[in-house]
Amino acid sequence: MTEIIFEVHEDEADGGYVATALGHAIATQGETIEELREMVREAVQCHLGDGAPGSMPKVIRLHFVRDEMLAV
């Protein structure tokens with residue numbers, strides 16, 4: 001595996017950020033971007049770091065999604 005992609009949304013209810021992996025059952029959250037990065041690395045290590053050759057991605061990509069409403 002060369003990379004794993006996480007879709008990141010702002011958590012409107014509690015603040016902070018929520019990241020969900022595309023194609024994998026991995027999700028995590030953090031209060032700040034830095035904390036989120038640490039939590040994503042830890043979650044990937046926990047779920048994919050089983051020691052099997054090629055199971056760990058070389059790159060973790062965070063894709064930030066932001067909603068914006070405009071008044072008409």
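Table for the structure above
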{"read-out": "Tally, over the range 49-60, of residues that are assigned to a strand (DSSP E or B) and loosely packed, with under 13 Cβ neighbours inside 10 Å", "value": "1"}
{"read-out": "Long-range neighbours under 7 Å by Cβ, at least six apart or interchain, first residue under 18 Å from residue 13 (Cα atoms) within the range 29-43, second open to solvent by less than 100 Å² (accessible area, probe 1.4 Å) and among the basic types (Lys, Arg)", "value": "none"}
{"read-out": "Pick from the range 6-48, criterion exposed (fewer than 12 other Cβ atoms within 10 Å of the Cβ) and part of a loop (DSSP other than H, G, I, E, B), ranking: nearest to the chain's Cα centre (by Cα)", "value": "22"}
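The values are calculated or read from the model by the stated rules, or taken from the named source; none is laboratory data. All values derive from a computational prediction rather than experimental measurement. As a convention, Cβ positions derive from the backbone with ideal geometry for all residues, glycine included, and neighbour counts pool all protein chains shown. Just so you know, the surface numbers come from the protein's heavy atoms only, side chains and all, with ligands and any DNA or RNA stripped out. Shrake-Rupley method; radii C 1.70, N 1.55, O 1.52, S 1.80 Å.
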